[in-house]
Amino acid sequence: MVSAWWAIGCFGKNSSQPVACHNAPVAKRKDENDVGFSRRLLVLRTVRLMLLLAISTLIVASVWAYRVVHFDPDHINYHDEGQLDARRDLKNDKLIIKLTGMGFQAEVIYKEILEKDYGIELDRVASCEVEAALGDYVDGYNEVMSEVIDKRFGKDILEKSLVLAEQKLDAQIRAVTERPGKALIPYHRPFSLDAAVGPF
């Protein structure tokens, strides 16, 4: 019944020519907004893919750089190598303490005390940035040397010498800041070791 009424509405009762039919289904046209949305979606996916590729490249580069820096084809035990070199120096009557890390203000005085009073050489081999291999080497070297030095001059002689160096540095600083006839001013220790322990 509904189909019959629809046919009458589209063709008329007595005519085979089609007329305007408001109830007939109309094909949907592609909206311009849908095209814009598709383009934005494509751009978003492209940016996301590029971001993932950049992150992956960064991770691969980091791993590669780490392996290059820490590459050790001979698989050397640097701790043991340090101990061997220390024993070799001891056979040659050499007492050496290797130093790494940031320099300290009393380092020059500390070095003078060790050399003059005990014949111990203070050898700085690195500053702040120390590679793992060098750190292991220095640890092994100083372990052997420290044991021999403690047996020869007494336990904790290195630490006691460092305390003495700090005391001498403080005395030099007070001698400058508390000179007669001059007003006392706050004294800030300089970063330069030479400025801290230079001639007064």
Item to check | Residue that is nearest to the chain's Cα centre (by Cα) [pool: residues in segment 74-100 that are surrounded by fewer than 18 Cβ atoms within 10 Å (Cβ to Cβ) and in contact (Cβ under 8 Å) with a residue 60 or more places away in the chain] | outcome: 79
Next on the checklist: If I filter segment 185-192 for residues that are of a type in the set (Gly, Ala, Ser) and either outside the structural domain of residue 114 (by TED's automatic domain parsing) or at pLDDT 90 or above (or both), do I get at least one hit?
Outcome noted: no
Next on the checklist: Return the residues of segment 101-113 that are modelled with pLDDT under 90 and buried (at least 18 other Cβ atoms within 10 Å of the Cβ); say none if nothing qualifies.
Outcome noted: 105
Checklist entry - When only residues in segment 134-159 that are crowded, with 16+ Cβ neighbours inside 10 Å and among the hydrophobic types (A, V, I, L, M, F, W, C) count, which is farthest from residue 103 (Cα to Cα)? => result 153
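The values are calculated or read from the model by the stated rules, or taken from the named source; none is laboratory data. Just so you know, these numbers come straight off a predicted model, no measurement behind them. Positions of Cβ are generated from backbone atoms using ideal geometry, with glycine treated the same way; all protein chains shown enter the neighbour counts.
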